[in-house]
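Every number here is computed from the coordinates shown, using simple stated rules; none is lab data. None of the values given here were measured: they were computed from a predicted structure.
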Amino acid sequence: MMQPKDRILVALDTPDVAKAQHLSRQLQGHVGGVKLGLEFFNANGHDGVRAVTHGDDDATPRGAATPNQPLFLDLKFHDIPNTVAGAIRSVTPLAPKIVNVHAGGGPAMMKAALQAAEFAAEPLGITRPMVIAVTVLTSMDDDDLSAVGQQGPTEEQVVRLAKLTQDCGLDGVVCSAREIAAIRKACGPDFKLIVPGIRPEWADKGDQKRTMTPREAVDAGADYIVIGRPITQANDPVAAAKAIAESLT
Ligand code: C5P
């Protein structure tokens, strides 16, 4: 049974391994996992990720032991199917709980990603990572969409790509809070929605604009909420995570 805290994925947006490792250890058991993205991965690679999720020190053991801290590896792959399949195979030994690709890479690419995750996880004896897609980056507005030849309005394109993602057999999408309702309606109850742009009432909005509180997002249908600074920049990150989990009960 999923507990409220399991819905919280903490974005560790730093290239600093020691900082990320410290936060990850502190938060272990208080959240559902951590998110590491392009900045961290490109700076620190597999060893850096393992240091954060498996708690390994310099003498990094190989193999695919399940991490102490579940991992959303947010690398948003987008390339030809063969290359994306290879990238997924290359990260599967990190035993991520969630990996992602760009839906704009198309159906063959998404199916190849899913199949690669299945095939790579099986011989390692680990659970297949959830494979989810990014639909339209929330940094894009209708003008940006038309500049790259995609048909808006944005929300329609988001739903179109979410349905395509589901048709390809993938597990879900990353979406903004205000897209939850439309995607839930189009894709049904089992499609996983992972939602950033979340701010508890007590937290600074920072550069996030149309935010929802953790409670609002989960009530609207989010399966996982991605929260960075309200936890990572808090004086007491564990207390912040606990307060958020409490707000979800
Ligand atoms: O610190 P904060 O809670 O704003 O962090 C949110 C995380 O979610 C960051 O890693 C950010 O890159 C990511 N994200 C987002 N909005 C999106 C997609 C991803 O904030 N639409």
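The gain in end-to-end length when the Asp79 to Glu39 segment is fully stretched comes to 12.5 nm, 0.36 nm per residue minus the alpha carbon separation.
Whole-Hz Karplus values for the stretch 129-134 come out as x, 5, 10, 10, 10, 9 Hz, taken residue by residue from phi with 6.51 cos²θ - 1.76 cosθ + 1.60 and θ = phi - 60°; glycine and proline positions read x. Binning all Cα-Cα separations of the stretch 1-144 at 10 Å, short to long from zero, yields these whole-percent fractions: 12, 40, 36, 12, 1.
Taking every alpha-carbon pair under 8 Å whose residues sit at least 6 apart, the chain reaches a relative contact order of 19 percent. Averaging the sequence gap over all C-alpha pairs within less than 8 Å and six or more residues apart, then dividing by the number of residues, gives the stretch 157-249 a relative contact order of 24 percent.
Determine the calculated [θ] at 222 nm for the chain from helices alone, applying -39500 (n - 2.57) to every DSSP H run no shorter than 4 residues and normalising by the residue count; nearest 500 deg cm²/dmol. That calculation yields -12500 deg cm²/dmol at 222 nm. Each part reduced to its alpha carbon centroid, the stretch 105-177 and the stretch 1-47 end up 22 Å apart. Using just the C-alpha positions of the chain as equal point scatterers, what log10 of I(q)/I(0) does the Debye formula give at each q in 0.11, 0.15 1/Å? Treating every Cα as an identical point scatterer, log10 I(q)/I(0) equals -0.56, -1.08.
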